[in-house]
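Written out below as structure tokens is the structure these notes cover.
Each reported figure results from applying straightforward, stated rules to the coordinates on display, with no laboratory input. Note that this is a predicted model, so its numbers are computed, not measured. Cβ: placed from backbone, ideal geometry, glycine included. Neighbour counts: every protein chain shown.
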Amino acid sequence: MIHTVQTAVLLVFPALVILGGVRDLVSYRIPNWISLALAAGFTVAAAAGLAAGTPPGVLGLSLAVGAGAFVAGVVMFAFGWIGGGDAKLFAAAALWIGWPGFSTYLAFTGLAGGALAVLLLSLRSAAVRPLVLAGPAWFVRLAEPGESVPYGAAIAVGALAAFPASVLVKAAAAF
């Protein structure tokens, strides 16, 4: 029974992270409820992990990683490097990823962010932009020179790449 609950709760993470990334791409906004639902889902997943025998210290380390990511996100937001929704999504995902997968999360988020930047520069170029103008409004906005970068998409890619290495996934697989 615990394994079934644990597996079901683990499905919440990819669904919410993908939703956050897509919402950022199409609207340049990540609703607060997505980050809050990720944090609440972590609480349920952690409780199931504890019931399955995950050491409390390991989950405490995940909390520390999430808190550190939140502080880093707030600093990046203060410098204007990312939006507030990006900072919250980054921290909420880090909470789930924890320590074992955090370096993978950072690496893939950075790589995806670089790829996103190259894509946006291409869309915003004088050669490609006229072709984009016939597309949907959200796509036209992505191609708008000077518009910000919807970094939530890169955060989602990094989170999904690192998720298999998270303590909660490993605990569910071991059970």
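For the stretch 83-172, divide the Cα radius of gyration by the Kirkwood radius and give the resulting Rg/Rh value with two decimals. Could you put the intermediate results ahead of the total?
Working: Rg = 15.8 Å, Rh = 14.2 Å.
With Rh from the inverse mean 1/r over Cα pairs, Rg/Rh is 1.11.
Which whole-Hz couplings ³J(HN,Hα) result when phi for each residue of the stretch 101-113 is put into the Karplus expression 6.51 cos²θ - 1.76 cosθ + 1.60, θ = phi - 60°, listed in order with x for Gly and Pro?
Running phi through 6.51 cos²θ - 1.76 cosθ + 1.60 with θ = phi - 60° gives x, 5, 5, 5, 4, 4, 5, 6, 5, x, 5, 5, x Hz.
Check which residues have an amide H placed less than 5 Å from Ile30's amide H, if you skip close sequence neighbours.
Gly85
Report which label in [x] 1, 9, 17, 21, 17, 12, 9, 6, 4, 2, 1, 0; [y] 1, 7, 13, 14, 13, 11, 11, 9, 8, 5, 3, 2, 1, 1, 0, 0; [z] 1, 8, 19, 23, 23, 16, 7, 2, 0 holds the value of P(r) over Cα pairs in 5 Å bins from 0, in percent derived from the coordinates of this structure.
Correct label is [x].
If you place +1 on the Cβ of every Lys and Arg and -1 on the Cβ of every Asp and Glu, how big does the dipole about the Cα centre of the chain come out, in debye to the nearest 20? Don't skip to the answer; put the middle values down first.
Numbers: 7 positive and 4 negative charges, 21 e Å.
The calculated dipole for the chain is roughly 100 debye.
Explain nothing, just compute: Karplus ³J(HN,Hα) = 6.51 cos²θ - 1.76 cosθ + 1.60, θ = phi - 60°, for every residue of the stretch 114-124 in order, whole Hz, x for Gly and Pro.
x, 5, 5, 4, 5, 4, 5, 4, 5, 4, 8
What is the calculated FRET efficiency for Trp138 to Leu111, with r their C-beta to C-beta distance and R₀ = 30 Å, to the nearest 0.05? It would help to have the intermediate numbers written out before the result.
Working: r = 24 Å, r/R0 = 0.79.
The calculated FRET efficiency here is 0.80.
On a 0 to 90 degree scale, rounded to 10, what angle separates helix 152-162 from the longest Cα axis of the chain?
Tilt of helix 152-162: around 40 degrees.
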